[in-house]
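The values are calculated or read from the model by the stated rules, or taken from the named source; none is laboratory data. Note that this is a predicted model, so its numbers are computed, not measured. Counting neighbours? That spans all protein chains shown, and the Cβs are built from the backbone with ideal geometry, glycine included.
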Amino acid sequence: MNNQETLQDEKKYNKWIVVLSVLIPIVVAVLFGIKIPNVEPLTFLPPIYATINAITALVLVIAFWAITNKKRKLHERLMKFAIMLSVAFLAMYVAYHMTSDSTKYGGEGVLKYVYYIILITHILLSIVIIPFVLITYVRAITNNFERHKKIARITFPLWLYVAITGVVVYIMISPYYA
């Protein structure tokens, strides 16, 4: 496959990347504001989805190791698993917030500012990372590995930051869950 065909294959996915990159945050924001009445709160979910974030971070690091050691098939499987973990996280996160009130952070002083800085950067980057992951994935499945590597250098640290800060946010807020 020549470079022109590879770019054309990539372009086929661009509409989906744009649609999903816009739609996912909007749907999450809308669902976040909806409370399902007369349903038992899913208060058991936060430690589960925090664990999923931790596993995602670990999988990303192992996938990085795999590709740097030329274990491409392992890297591919791990990245698909990381995407599935992120989807599972998102489904549980939305389900929790549709059945439970948001927990307020109860810390004070410097820790309160640290928490909110981590939380805000986590939320913003969790939105920003969506098109990066999708573009990176598309470049891999269309065998455009040079362009895949270029964007993966940005996607990897951003995604890793989002996964790790998801765990940090959970640890910091967990004492305040009702």
Discussion item. Could you tell me how many of the residues in segment 1-34 are surrounded by 10 or more Cβ atoms within 10 Å (Cβ to Cβ) and more than 22 Å from ALA88 (Cβ to Cβ)?
Written reply: 13
Worksheet item: If THR56 passes every condition in (1) surrounded by 15 or more Cβ atoms within 10 Å (Cβ to Cβ); (2) farther than 25 Å from TYR176 by Cβ; (3) of a type in the set (S, T, N, Q) but one, which one does it miss?
Response: (2)
Worksheet entry | Entirely in segment 41-152, the helices (runs of 4 or more DSSP H) that have 2 or more residues that are among the β-branched types (Val, Ile, Thr), without any contact (Cβ under 8 Å) to a residue 40 or more places away in the chain and more than 27 Å from TRP16 (Cα to Cα) | 45-68, 110-141
Response to the item:
Residues of segment 18-41 being of a type in the set (Val, Ile, Thr), under 22 Å from the mean Cα position of the chain (by Cα) and more than 22 Å from VAL138 (Cβ to Cβ), in sequence order, are VAL30, ILE34
Practice prompt. Just one of (1) in a helix (DSSP H, G or I); (2) farther than 19 Å from TYR177 by Cα; (3) free of Cβ contacts under 8 Å to residues at least 60 places away in the same chain; (4) of a type outside the set (Val, Ile, Thr) trips up PRO37, so point out which.
Written response: (1)
Practice prompt. Say whether the condition of being surrounded by 14 or more Cβ atoms within 10 Å (Cβ to Cβ), within 20 Å of VAL162 (Cα to Cα) and β-branched (Val, Ile, Thr) is met by at least one residue in segment 74-85.
Written response: yes
Worksheet entry | Only one of THR56, THR68, THR43, THR51 that is over 17 Å from TYR161 (Cα atoms), at pLDDT 95 or above and either touching a Pro at 6+ places or on another chain (Cβ under 7 Å) or of a type in the set (Ser, Thr, Tyr) (or both) | THR68
Fill in: Every residue from segment 1-34 that is at pLDDT 90 or above and either in contact with a strand residue (DSSP E or B) (Cβ under 6 Å, 6 or more places away or on another chain) or not in a helix (DSSP H, G or I) (or both)
ILE34
Worksheet item: Does LYS80 satisfy the criteria of being over 20 Å from ILE130 (Cβ atoms) and at pLDDT 95 or above?
Response: no
